[in-house]
Structure formats: C-alpha cells, structure tokens
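All remarks here apply to the structure that follows.
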Amino acid sequence: MTDPTPPLVWSRPRPEPARRAPGVDQYVAAALAVADAEGLAAVSMRRVAGDLGSGTATLYRYLTNRDELLDLMVDAAQGEHPLPEPGEDWRANLAAVAHTLRATLLAHPWLLEGELTGRPSLGPHSLRRSESALRAAVTLTPDLTAASRALGVVRAYVLGSVAAQQGARSAERRTGLTEEQWQHSVGPYIRQVLAAGEHPLIARRIAETEEPDPEAEFAFGLECVLDGLAARTTR
C-alpha cells in the first residue's frame, strides 16, 4: 500500500534551478525579507515569486505549498546565529541558550506567530540548535526528562519576554506614536486619575521608578528563572 503522505521538504532532493532562475535559497531569503518587514500573513507563494521576478509555477518546482516555504524560513532563521559551546557552568550555558533564542526572535518577530509555534521545526539548523540546547541543559542535570523540562521553562520565559517587547513595538506601529509621545498624550488623564489618591502604589511607581530597559529587564527575569531551576534541582 502506497503511503499518501508526501516526503518532507528536508528529505526530498531539490531540482537544480533553470538558467538564470532563482534557487530555493533565494526564494527563502525573499520570503524572510517579506515576513520581517510586513509579517507572516504577507508571505505567499505568489508574492515571494513576484518579488524575485519569477513565475509562481517556478517556485512550485521546489516546494509543494506555503507550509514548506514556512518550514524553510524557520530553519534559515534558526541558523543565523552561532551556537554557544557549553562549558562547565550550567547557568552560563542556559543563559547563552536564552540569549541566542532571544536574538533570533527579535530579528524575526513573526517566529512568535501562532501558526509556527505548535510543533518543533525539523530542519538541519533547528535540529542542531536543539542538540546544542540539550547539551547545555544536561550540565544542569543528566536526567534528560528534567533537562528537557528546564529548557522548556527557559524557552517559555524567553518567548513571553520577547512577546511583551514586541507588543510595545506593535503598538507604536499601530498608533504611529513613539513610547514617549504616547506617554505625553496620556499624561493629563493619568495625573487627573492619580490626584484622587485611589492608586498610591501606581503613583509611587511613576514617581520613583526608572523607565524599564529591555536588556536589564530580560537579564533580571532570566536570573530569577535560573535561581528557580537551581532551587528545584537541588531539592
């Protein structure tokens, strides 16, 4: 009985491009540029082919559908940053994993979009990154189940932190106001609300605390995560 499932894009041989026609890597690079500038929804087979002056049919010689294009995009993004080489310090190892993932997500915010987060990528760059992350995690504990859970905690923190940071960027694009301009626009309302005295801690926070720096905020949160993993593993 014939298996109806087509071979994965990773296991299927790529045809050589016709003379002067774009190759797969060029299509993927064009798709990355579209997603980085306009979001994942803007990526289509027609759009990517058109940006390269190619017919859509030419792109379909290499890829069965848009999902395969997305798989290649994710894997290309995963291969952009060098993988950290784990040492003996597990905290430094997991911190390096976190910072590398954060750099990738900040460079390509569309990686956080829902249609890409459900299942792991199986491309060569993604598998190498997963292997590298596990090598880092087993310096915390040789128990692979516990190490995998620790990686999941670190990854969840990075995803949440970057999503919050990207949310501020999205609000700026949506409203056309920088953070400083937005604060100026809501200033009169906030002062009026706080003058009533019903929110003393919010008033103190505005008066006493500094504007959060994304790098410092991320580093503080990551230290808290690592402290928790240390306590959990010791226990």
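Structure notes:
- Filtered residues of the range 172-187 (kept if surrounded by 13 or more Cβ atoms within 10 Å (Cβ to Cβ) and under 25 Å from residue 99 (Cα atoms)): 172
- When we screen 149, 135 for residues that are modelled with pLDDT of 90 or more, under 30 Å from residue 90 (Cβ atoms) and more than 20 Å from the chain's Cα centre (by Cα), the only hit is 135.
- Which listed residue, of 101, 140, is assigned to a helix (DSSP H, G or I) and not assigned by TED's automatic domain parsing to the domain that holds residue 42: 101
- A Cβ distance below 7 Å, combined with a sequence gap of six or more or placement on separate chains, defines the contacts here; from the range 20-41, residues that are assigned by TED's automatic domain parsing to the domain that holds residue 66 reach residues that are charged (D, E, K, R) and at pLDDT 90 or above in the pairs 30/51; 34/47; 34/51.
- Selection of the range 188-198 for residues being of a type outside the set (Phe, Trp, Tyr) and exposed (fewer than 11 other Cβ atoms within 10 Å of the Cβ) yields 188, 192, 195, 196, 197, 198.
Residue-wise test of (1) modelled with pLDDT of 95 or more; (2) surrounded by 19 or more Cβ atoms within 10 Å (Cβ to Cβ).
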{"position": "93", "(1), (2)": "yes, yes"}
{"position": "96", "(1), (2)": "yes, yes"}
{"position": "112", "(1), (2)": "no, no"}
{"position": "116", "(1), (2)": "no, no"}
{"position": "123", "(1), (2)": "no, yes"}
{"position": "126", "(1), (2)": "no, yes"}
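- Test: residue in the range 206-222 that is within 29 Å of residue 99 (Cα to Cα), out of contact with any Ser or Thr (no Cβ under 8 Å at 6 or more places or on another chain), assigned to a helix (DSSP H, G or I) and among the β-branched types (Val, Ile, Thr): no
- Flag for residue 56 being in contact with a Lys or Arg (Cβ under 7 Å, 6 or more places away or on another chain) and over 23 Å from residue 160 (Cβ atoms): yes
- All positions within the range 69-83 that are crowded, with 18+ Cβ neighbours inside 10 Å and either without any contact (Cβ under 8 Å) to a residue 40 or more places away in the chain or not small (Gly, Ala, Ser) (or both): 69, 70, 71, 72, 73, 74, 75, 78, 83
- Near pairs, Cβ below 8 angstrom, 6+ apart or cross-chain, from the range 180-198 (of a type in the set (Phe, Trp, Tyr)) to any residue that is surrounded by 10 or more Cβ atoms within 10 Å (Cβ to Cβ) and modelled with pLDDT under 85: 182/171; 182/172; 182/175
- From the list 149, 135, the one residue that fits, being under 20 Å from residue 227 (Cα atoms), among the basic types (Lys, Arg), in contact (Cβ under 8 Å) with a residue 40 or more places away in the chain and surrounded by 13 or more Cβ atoms within 10 Å (Cβ to Cβ), is 135.
- Index of the failed condition, residue 86 passing every other in (1) surrounded by fewer than 20 Cβ atoms within 10 Å (Cβ to Cβ); (2) over 16 Å from the mean Cα position of the chain (by Cα): (1)
The values are calculated or read from the model by the stated rules, or taken from the named source; none is laboratory data. This structure is a prediction, so every number in the text was calculated from the model and none was measured. Quick reminder, even Gly has a Cβ in these numbers, built from the backbone with ideal geometry, and neighbours come from all protein chains shown.
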